[in-house]
Amino acid sequence: LRSEIEKLGSTGLTPEFFKNFEPEVIASVLKLYLLELPDSVVPNGLYDLIRSIYNQYGSESESKERINGITNVLKNLDRSNLSTLNAICTHFTRLIKILLENKNENESNGLAASFQNGISQEFSNCILRPRYQNNLSLSDKHSFRFFHDLLEHKAEIFKNLKPTGSIKKNKSVLGGIE
C-alpha cells in the first residue's frame with residue numbers, strides 16, 4: 001500500500017483505491033506515516049505540559065479541569081497539526097459510534113471500549129511523543145491517556161478550538177519560552 005501511495009501521489013487516492021486493502025493495512029500505513037514525521041502531530045515541545053496536566057488533574061473527578069487544560073494547549077497548535085488531529089479523531093470517534101449502535105447494548109459498549117483502548121494504545125505515540133525516548137518515557141501512559149481523552153471528549157475539546165497558526169505566539173502556554 002505504501003509503495004502504491006507513493007507511486008500515485010495525492011491525486012490518485014480515492015475511496016475506490018483504498019477498497020482494495022484491508023482496514024488493518026490502511027491503519028498500519030497511517031501509523032507508519034505518522035511515526036516517520038519529524039515531530040508528532042502534537043509537537044513534542046508540548047509533551048511535558050500535557051504530562052503536567054495529567055499529573056495535576058489525572059483523576060476521573062477532575063476530568064473537566066483536565067479537558068479544559070488540554071483544550072487550552074491545543075488552541076496553540078498550527079492549523080495543519082490541528083486539522084490532522086481533528087481528522088484522525090473524527091474518523092476514530094465515528095468508528096466508535098458505529099460500534100455503540102449495535103443492537104446488544106452490553107456487547108456494543110464492551111466492544112466500543114475495547115476498540116477505543118486499542119486505538120489509543122496503537123496511535124498514542126503517533127499523536128504525542130517526547131522529544132527523546134528513555135526508560136521513563138517508554139512506560140509513560142500520558143500519551144495514551146491524552147489520545148483516549150481526545151476520543152472520549154472530542155466534541156467538547158474541538159468545538160472551542162480555532163487554529164492560531166503557531167505555538168510560539170502564546171508565551172504562557174510554554175512558560176514564557178519562545
Open item on the list: For the stretch 37-46, give me the residue count where each residue is over 15 Å from the mean Cα position of the chain (by Cα) and surrounded by 14 or more Cβ atoms within 10 Å (Cβ to Cβ).
Closed with: 1
- [ ] Of all residues in the stretch 14-36, count the ones that are within 23 Å of Asn81 (Cα to Cα), free of Cβ contacts under 8 Å to residues at least 60 places away in the same chain and open to solvent by less than 60 Å² (accessible area, probe 1.4 Å).
- [x] 3
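Would you check which residues across the stretch 66-84 are among the charged types (D, E, K, R) and surrounded by 14 or more Cβ atoms within 10 Å (Cβ to Cβ) and list them? Please lay out each step first, then the result.
Within the stretch 66-84, the first condition is being among the charged types (D, E, K, R), and the residues that meet it are 66, 75, 78-79.
Scanning the stretch 66-84 gives Arg66, Lys75, Asp78.
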Task: Residue, modelled with the lowest pLDDT, within the stretch 1-13, restricted to residues that are open to solvent by 90 Å² or more (accessible area, probe 1.4 Å) and under 23 Å from Phe123 (Cα atoms) - done: Ser10
Open item on the list: Taking the criterion of being open to solvent by 60 Å² or more (accessible area, probe 1.4 Å) and in contact with a helix residue (DSSP H, G or I) (Cβ under 7 Å, 6 or more places away or on another chain), would at least one residue in the stretch 47-55 satisfy it?
Closed with: yes
Open item on the list: Within the stretch 129-143, does at least one residue satisfy the condition of being modelled with pLDDT of 80 or more, closer than 13 Å to Leu74 by Cβ and crowded, with 17+ Cβ neighbours inside 10 Å?
Closed with: no
TODO: Among the residues of the stretch 89-106, write down those that are modelled with pLDDT of 90 or more and closer than 15 Å to Ala155 by Cβ.
DONE: Cys89, Thr90, His91, Phe92, Thr93, Arg94, Ile96, Lys97
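The values are calculated or read from the model by the stated rules, or taken from the named source; none is laboratory data. Remember, predicted model here, so these are calculated numbers, not experimental data. Backbone-built Cβ (ideal geometry, glycine too); neighbour counts: all protein chains shown. To get the accessible areas, we keep the full protein, side chains included, count just its heavy atoms, and leave off ligands, DNA and RNA. Shrake-Rupley method; radii C 1.70, N 1.55, O 1.52, S 1.80 Å.
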